[in-house]
Amino acid sequence: MASPDMRVVVVGATGNLGTSIVKTLGTDPSIGSVLGLARRLPQWSPPKTGWASVDIADESADLTTQFAGADAVIHLAWLFQPTHHPTTTWRTNVLGSVRVFDAAAEAGVPTLVYASFVGAYSPGPKDHAVDESWPTHGWPEAALCREKAYLERVLDTFERDHPAMRVVRMRPGFMFKAEAACEQHRLFRGPLVPKRLTRPERMPAFPDIPGMRYQALHTDDAAAAFCQAMLRDVRGAFNLAAEPVVDAAMLAELFGGRTVSVPGWPVRAAVSAAWRAHLLRTPPELFDAILHFPVMDTSRAMRELDWAPTYTVQETLQEWLRGLREGAAVPTAPLASATGSAA
């Protein structure tokens, strides 16, 4: 049973997942206080939450002091852009994460919950689900997957060296909610791709690309699982996703369109050309990686965290599109700013 004055530090608290976790913690009677760490302080005051400005890429940042006295650290901070400069994302995502892990150990924090991703997994099957024992070597050509897989190896060593710390790795699929839609449009599609092109009524046909099957869930559902993993006496990895698996047939049914079989190579070539011309912000290597993501089995999370998604994938995508059309936002830099790029 968690102490009613439990102190939690959330690193990367102002992005898509961070805002949902902070809101969830604020309503939990077992949580006494939440400290949200972000590069840019938000104009947002959720219950029980205070803020501090910290850049985990900064070698001089005093994370140990921020973590002192914490019962748990939830590490979410991640920089997706600039995809054209992978050394920049490496400094934040990998070196910054190592600083978070080491500072948590130095501060004597008993619980560390880390946000991994389905992209940490090695290529896997699309026709049946794999559990958390599937290899986590990622798709090495995609920076996002390479960095997530590298940190899985870092945590392997970290857990060995710090057996007294309870380490939990959460591996969600793609996470969506209305308030994150505009940010995700900027991060993945880019400002030059008009929002009107994401309206389903303008897409009567959905390309059915071999291998283009992936999993998603509502961000609030992911947040609920993260909080349960923090509160319960569990360790190791947990897959998170909702039903059904996203593919062209599901999208066509959802939006009343039809599917058209398309080979992957011309789409990949178009993505590559647009990315190299800075017209699209999603790199072609990530397109390749998604074609190889395995379908995840989420039964461990359901069994050990007593967790189940409250939103279907269809409901989640409909909400996301509504958020994009209406400009839904949260008053934090990533979710409200036209230029926000970090969680």
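The values are calculated or read from the model by the stated rules, or taken from the named source; none is laboratory data. Bear in mind the structure is a predicted one, so any value in this text is a computation, not a measurement. Every residue, glycine as well, gets a Cβ built from its backbone with ideal geometry; the counts of neighbours run over all protein chains shown.
Apart from one condition, V10 fits all of (1) over 17 Å from the mean Cα position of the chain (by Cα); (2) at pLDDT 95 or above; (3) closer than 20 Å to D233 by Cα; the exception is (1). Taken over region 56-83, the criterion of being touching a helix residue (DSSP H, G or I) at 6+ places or on another chain (Cβ under 8 Å), part of a loop (DSSP other than H, G, I, E, B) and not hydrophobic (A, V, I, L, M, F, W, C) is satisfied by E59, Q81, P82, T83.
Being at pLDDT below 90 and within 28 Å of P210 (Cβ to Cβ) holds for only one residue in L317, L286, L280, L291, and it is L280.
The residues listed here are A115, A129, A180, A143; of these, the one that is touching an Asp or Glu at 6+ places or on another chain (Cβ under 6 Å) and under 28 Å from L321 (Cβ atoms) is A129.
Candidates in region 43-87 are the residues that are of a type in the set (V, I, T) and within 22 Å of the chain's Cα centre (by Cα); of these, the one that is surrounded by the fewest Cβ atoms within 10 Å (Cβ to Cβ) is T87. Restricting region 95-116 to residues that are in contact (Cβ under 8 Å) with a residue 60 or more places away in the chain and in a helix (DSSP H, G or I) leaves a set whose member that is nearest to the chain's Cα centre (by Cα) is V100.
Return the residue satisfying two criteria in turn: it lies in region 155-192 and is touching a His at 6+ places or on another chain (Cβ under 9 Å) and in a loop (DSSP other than H, G, I, E, B), and of such residues it is nearest to A301 (Cα to Cα). If you could, list the steps in order and put the result at the bottom.
In the first step, residues of region 155-192 are kept if they are touching a His at 6+ places or on another chain (Cβ under 9 Å); the result is 175-177, 190-192.
With the extra rule that they be in a loop (DSSP other than H, G, I, E, B), the set shrinks to 177, 190-192.
Working: K177: 21, G190: 34, P191: 36, L192: 39 Å.
Per the stated criteria, the residue is K177.
Scanning region 299-312 for residues that are surrounded by fewer than 16 Cβ atoms within 10 Å (Cβ to Cβ), in contact with an Asp or Glu (Cβ under 7 Å, 6 or more places away or on another chain) and not in a loop (DSSP other than H, G, I, E, B) turns up nothing.
Within region 286-298, how many residues are among the acidic types (D, E) and surrounded by 22 or more Cβ atoms within 10 Å (Cβ to Cβ)? Even if it seems obvious, please write down each step before you answer.
In the first step, residues of region 286-298 are kept if they are among the acidic types (D, E); the result is 288, 297.
From what's left, surrounded by 22 or more Cβ atoms within 10 Å (Cβ to Cβ): none.
Of the residues in that region, 0 qualify.
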